[in-house]
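Okay, structure first, notes after.
Please treat every number below as a calculation from the coordinates, not as lab data. These numbers were taken from a predicted model, which means no experiment stands behind them. Heads up, the Cβs are rebuilt from the backbone with ideal geometry, glycines too, and the neighbour counts pull from every protein chain shown.
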There are 2 protein chains.
Amino acid sequence: MFKILRVNMADQSVKFEDIADEYQGLGGRGITSAIVAREVEPTCNALGPLNKLVFAPGLLGGTSAANSGRISVGGKSPLTGGIKESNSGGQAGQYLAKLGIQAIVLEGDPPAGKLFKLVVAKDEAKLLPADDLKGLGNYDTVAKLVDEYGDKMGFASIGQAGEFLLPAASVAFTDRELRPTRHSGRGGLGAVMGSKGVKAIIFDPSGGQSAPLKDPDAFKEAAKRFAKGLAEHPVTSEGLANYGTDILINILNEAGGLPTRNFSSGQFEGAEKVAGETLNQITAERKGTIKHGCMSGCVIRCSGIFLGPDGQYISKWPEYETVWAWGPNCGIDDLDAIARIDRMCDDFGIDTIEVGCAMAVAMEGGLLSFGDAAGAEKLVAEVGQGTPLGRILASGTATTGRVFGVKRVPTVKGQSMPAYDPRAVKGVGVTYATTPMGADHTAGYAVASNILKVGGATDPLVAEGQAALSQAFQVATAAIDSAGLCLFIAFAVLDIPDANQAVVDMINAKFGWSWTGDDYGAMGQKVLKIERDFNQRAGFNQGDDRLPDFFLREKLPPHDVVFDVSNEDLDSVFDF
Amino acid sequence: MFKILRVNMADQSVKFEDIADEYQGLGGRGITSAIVAREVEPTCNALGPLNKLVFAPGLLGGTSAANSGRISVGGKSPLTGGIKESNSGGQAGQYLAKLGIQAIVLEGDPPAGKLFKLVVAKDEAKLLPADDLKGLGNYDTVAKLVDEYGDKMGFASIGQAGEFLLPAASVAFTDRELRPTRHSGRGGLGAVMGSKGVKAIIFDPSGGQSAPLKDPDAFKEAAKRFAKGLAEHPVTSEGLANYGTDILINILNEAGGLPTRNFSSGQFEGAEKVAGETLNQITAERKGTIKHGCMSGCVIRCSGIFLGPDGQYISKWPEYETVWAWGPNCGIDDLDAIARIDRMCDDFGIDTIEVGCAMAVAMEGGLLSFGDAAGAEKLVAEVGQGTPLGRILASGTATTGRVFGVKRVPTVKGQSMPAYDPRAVKGVGVTYATTPMGADHTAGYAVASNILKVGGATDPLVAEGQAALSQAFQVATAAIDSAGLCLFIAFAVLDIPDANQAVVDMINAKFGWSWTGDDYGAMGQKVLKIERDFNQRAGFNQGDDRLPDFFLREKLPPHDVVFDVSNEDLDSVFDF
């Protein structure tokens, strides 16, 4: 029987409760957004007692479905002021599901200055003092927790940025090797965790069991078809495994959509040096790991291990968006420097996109020069120290732009844009503008169709049709995020209809439902409606669904294009 | 014939144009808001080429009406993201009106890194390079301009904060003695001026003439009745002259509504030491000036001159809100320190309310201790130097709260609250929540009725009726701001019906209209509607018309009250 675990920080009480009717049948982003929308006052201070932080495995969590172990984290975002769901790999999602917990809800204000850790085990949860972890980065935090709890656990934690309550703070999750390299990065949910006084969560999987299935045979059959789809598609079988998500550097550079030096060009002369092909080569040379999955049950295995020239572990393979944020976007072409920065970001617990974008904005503001890798490393280190400069950067791109008087600040709803220029990849530009999450590629990855020609090809440079495309991707994504599946499965399911049907079949077999593909899509629509309604109550309207005006005025080389999707088209995305 | 002066910074062209039909009959806030609402894309970057900065005298500007020389400055605010009008005393309003200029509109983006000064004279305007003024504070800027242009001019300028494009930057105007002590302080319009590359405006009044009057005799008669009202009311005749606006310290402290240590108490144990009575006494002892008007035609004369212990000029009398922001709100009880900080704020060109509030928030965040006057002075000095810390503070209270991870941040729409706790003065709390300007006392000074019992007494602690009260004040204020009258005349016109009628009579006599009091009020309503519509298009809705939730939860000593005006009441304020 699945439960909700409520943790009240005001009195440090911990209780398991039955899942209320209104949350029945929801998972992942579906349940985090439902709880936040229903229980959090939309106009509240995101760092105050009225906000809640929700952790939830997806509908397929705890099963043998490939790549079904994502964990959703939700709350009101201190970065955007709107609702936020940011999901992560690592082990926590599967462990939570196998413990029969559909959601953990952290609520209330903790006693001032106190830190806690939450231990979640089979039918039991404890909130314990954790003042000894104060000021530690995620790596040291996990090391201390492993000393205490052993290496059979999963861990979630915040670094210094979360303790400082900074709006770019992430929540870190450990991978299978207990490295805190998987993050719910976007939207500052690490600061919400910090505001609750929770430094870490320990997931003890012992005694856990696979999620019950209404029709085990049907599930097994569908899971097999699903895995077959992933194994057959070139992106999910080979591309991501060999080159990581960084495979996209050369592709976006070729397409003229790789934002360079704070979105002033769509091509970077140093792209090759930071591309996935180079990452693969360096990793092979240094005997790092290629084809590494970040969570049990992953068959895509995009998260390689990056070693330094001395063969010592630096970090997991930096994601494409990380390489972009600190590479092309800062004019930096040094993969080693980027990997070291990625390691620091993981350790301090900050979103690599948000803070990398902030660094580029600071470069434009004259704080340091584009291309100054050493300068960037030095400044990132200041985040962990909590200096004024470090705090500015970890407050995000909008704040950094404000403090340094920068006019070109690539944010929507206060969140920085990721690694696809909306002028040259217009479908994702529509997603940036309209998703309730603030600028976010994962919320509606129209890049797949615009650039990768997955699920049908569309012209990235033409305005027409992008709104409908983004809508379709946003709906599908909300469903995938609710299922608890890694978003990368989308490459396969978009091209292989039976793989998509297999997802629906797995859900049906698990719950004894008889959903059609339309019902699955309807779940995505429902999640989006809930999120948009929350944002409307929080103070957002269509005026917030706009890109910064420089994207409408400044032509992006090499295509010399502006973002010209009409406001009417943008406002049509939620017409469903 | 009145004209609009348009200055295009992109090509540095300057032209006088006839007033378009849609701007006819508008003045002050009425015309700045009309131009901004009509000509500025609401979702644009406030520091980019699509924003405009408008300067305008009021409808009664250029006449002999007492206290009619206010100048309105309007634009999209880089602090709030909404529309902004912030008006100021000093000489510029009267000079502009006497030159026959109804509005100056600065538009377009200047060449990067260049600074200009605008010289406005009779039927002539010139835009000239001003790179020699780069980096200067307002005092040095004006000194250099006086050297060049003589002492018969009026000056508007920005200090370092405006050049840095910081969201708390003000526009300074010189008083009759050519001191840059009068400011359009709120909402960061100094940063907009900086973004236009305009360091200063020189107003040359030579050849100017009084505004033409349709019925000079009727005007004279009405102006006399108006002046009589001001002379008869104790606040406008004696109170403000003898004690400055700082007279309010003891009154608000007595009422339990003086926000202390970042809005954690309504009374300050050191109030007496920073009160207007003390200010008067110190000024008398040091032979400073009491009863000093900041602009020609002022009969209220609240802006005394503050001297140091050595008899040397420090600053004008700090306003009540300035004394509060840096005094009780920071736990500081040292008037000399406050006056020195006020001088620095005037020099760097920053809003004393916004940055004082930011300092208190930084104190709560642990940057320094409440009461540390020397520490605060040192940090304010960093604004002029453009250090990271100085930039954070001059980015305003919301940014400072964000960077230092503070949960109690007293802002609405990103603008800091002034010197009246909304829990103990609920009428002004409604104004904070609902005015299109962001938290602002001047937008609807319900304090007059709640606390001063002017224009009828209302209970400040009772929620009922405050929405209607705030509405009435907001409407009246928008009318007064459009007339170009100093808001302090409101004390007299609220209590003396004939003084209010005299304002309407003066407008009628000047323009040949036959307005009733209702027509005058309708003008105020129209201005508010225009502003609210702009904000709606910029992305605001009712969710933005809320106070930070701590005001609804934390009881304010000594009355132990929360802000309990209902959302329904707040949402009724614009029902007209």
Next item on the list: Of the options A:Ile314, A:Leu5, A:Tyr95, report the single residue whose Cα projects farthest towards the positive end of the charge dipole of chain A (beta-carbon charges: Lys, Arg +1; Asp, Glu -1).
Entry: A:Leu5
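What's the magnitude of the charge dipole for the stretch B:85-149 around its Cα centre, counting Lys and Arg as +1 and Asp and Glu as -1 at the beta-carbon? Answer in Debye, nearest 20.
Values: 7 positive and 10 negative charges, 22 e Å.
It comes to approximately 100 debye.
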Notebook entry, point to check: About its Cα centre, how strong a charge dipole does chain A have in debye, to the nearest 20, once Lys and Arg get +1 and Asp and Glu get -1 at the Cβ?
Noted result: 960 debye
Notebook entry, point to check: So what J values fall out for the stretch B:178-187 if you push phi through Karplus, 6.51 cos²θ - 1.76 cosθ + 1.60 with θ = phi - 60°, rounded to Hz, Gly and Pro as x?
Noted result: 6, 9, x, 9, 9, 9, 7, x, 8, x
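Could you give me D for the stretch A:41-133, from Stokes-Einstein at 4 °C and 1.567 mPa s, where the hydrodynamic radius is the Kirkwood radius over C-alpha pairs? Units µm² s⁻¹, please.
Details: Rh = 14.6 Å.
Value of D from the Cα-based Kirkwood radius: 89 µm²/s.
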Next item on the list: Normalise the Debye intensity by I(0) for the stretch A:1-156, one equal point scatterer per Cα, no solvent, then take log10 at q = 0.19 Å⁻¹ and round to two decimals.
Entry: -1.34
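If you wrap a convex hull around the C-alpha atoms of the stretch B:245-421 and split its volume per residue, what is the figure in Å³?
Considering the Cα atoms of the stretch B:245-421, their hull volume per residue is 112 Å³.
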Note to self: Using the alpha carbons of the stretch A:126-273, what is the convex hull volume per residue in cubic angstrom, as a whole number?
What the structure shows: 187 Å³
Next item on the list: Give me the number: length gained by fully extending B:Glu17 to B:Ser572, i.e. 0.36 nm times residue separation minus the C-alpha to C-alpha distance, one decimal in nm.
Entry: 195.8 nm
Note to self: On a 30 Å Cα-Cα criterion, which of the cross-link pairs A:Lys378/B:Lys413; B:Lys76/B:Lys98; B:Lys76/B:Lys214 come out too long?
What the structure shows: A:Lys378/B:Lys413; B:Lys76/B:Lys214
Notebook entry, point to check: Tell me, what ³J(HN,Hα) does each residue in the stretch A:557-566 have, in order and in whole Hz, if you take phi through Karplus 6.51 cos²θ - 1.76 cosθ + 1.60 with θ = phi - 60° and put x for Gly and Pro?
Noted result: x, x, 7, 6, 10, 10, 7, 10, 5, 6
Next item on the list: Give me the lysines in straight-line cross-link reach of A:Lys291: C-alpha distance below 22 Å, same-chain residues under 8 apart excluded.
Entry: A:Lys224, A:Lys228, A:Lys273, A:Lys316
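Could you grab the relative contact order for the stretch A:244-420? Cα pairs under 8 Å, six or more apart, rounded to a whole percent.
20 percent
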Next item on the list: Taking the Cα atoms of chain B, report the difference between the largest and smallest coordinate on each principal axis, in whole Å and largest first.
Entry: 57, 51, 51
Next item on the list: Name the residues whose placed amide hydrogens come within less than 5 Å of the amide hydrogen of A:Ser315, ignoring near sequence neighbours (fewer than 5 apart) on the same chain.
Entry: A:Phe306
Note to self: How large is the convex hull of the C-alpha atoms of the stretch A:26-71 per residue, in Å³?
What the structure shows: 65 Å³
Next item on the list: Go through A:Lys52/A:Lys144; A:Lys3/A:Lys196; A:Lys134/B:Lys426; B:Lys117/B:Lys526; B:Lys152/B:Lys529 and tell me which ones have a Cα-Cα distance over 30 Å in this structure.
Entry: A:Lys134/B:Lys426; B:Lys117/B:Lys526; B:Lys152/B:Lys529
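Take B:Asp175, A:Asp459 and order them by how many other Cβ atoms sit within 10 Å, fewest up front. Walk me through the numbers on the way to the answer.
On the way: B:Asp175 22, A:Asp459 13.
Arranged by neighbour count, lowest to highest, B:Asp175, A:Asp459 become A:Asp459, B:Asp175.
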Next item on the list: List every residue whose amide H lies under 5 Å from the amide H of A:Ser265, counting only residues 5 or more places away in sequence or on a different chain, with H placed 1.01 Å from N in the peptide plane.
Entry: A:Thr260
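If each residue of separation counts as 0.36 nm, what is the full-extension length gain between B:Gln312 and B:Asp140 once their alpha-carbon separation is subtracted? Walk me through the intermediate numbers first.
Numbers: separation 172, 0.36 × 172 = 61.92 nm, distance 1.71 nm.
Result: 60.2 nm gained on full extension.
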Notebook entry, point to check: How far apart are the B:Gly308 label points across copies, placing each 7 Å from Cα toward Cβ, in nm, shortest first?
Noted result: 5.3
Next item on the list: Report the percentage of all Cα-Cα pairs in the stretch A:130-210 whose separation exceeds 20 Å, rounded to a whole percent.
Entry: 27 percent
Check: Taking N as the number of residues in the stretch B:325-425, what is its Cα Rg relative to 2.2 N^0.38 Å?
Finding: 0.96
Checklist line | the stretch B:1-69-the stretch A:489-521 distance, computed between alpha-carbon centres (Å) | finding: 59 Å
Checklist line | Positive dipole terminus of the protein assembly as shown, leading residue within A:Pro167, A:Gly74, B:Leu452 (C-beta point charges) | finding: A:Pro167
Note to self: Using square roots of five times the C-alpha gyration tensor eigenvalues, list the equivalent-ellipsoid semi-axes of the protein assembly as shown in whole Å, biggest first.
What the structure shows: 55, 30, 27
Notebook entry, point to check: Hey, if you put +1 on the Cβ of every Lys and Arg and -1 on every Asp and Glu Cβ in the protein assembly as shown, which of B:Phe155, B:Gly524, B:Gln415 ends up farthest toward the positive end of that dipole?
Noted result: B:Phe155
Checklist line | Candidate aspartates and glutamates - alpha carbon under 14 Å from B:Lys15, same-chain residues fewer than 8 apart omitted | finding: B:Glu107, B:Asp123, B:Glu124
Next item on the list: Apply the Karplus parameterisation 6.51 cos²θ - 1.76 cosθ + 1.60, with θ equal to phi minus 60°, to every residue of the stretch A:214-222 and state each ³J(HN,Hα) to the nearest whole Hz, in sequence, with x for glycine and proline.
Entry: 5, 9, x, 5, 4, 4, 4, 5, 5
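Taking the Cα centre of the stretch B:9-132 as the origin, how large is its charge dipole in debye, to the nearest 20, when only Lys and Arg (+1) and Asp and Glu (-1) carry charge on their Cβ atoms?
Values: 12 positive and 14 negative charges, 88 e Å.
Value, rounded to 20: 420 debye.
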Checklist line | Taking only Cα atoms of the stretch B:485-545, radius of gyration then Dmax in Å | finding: 15.3, 43
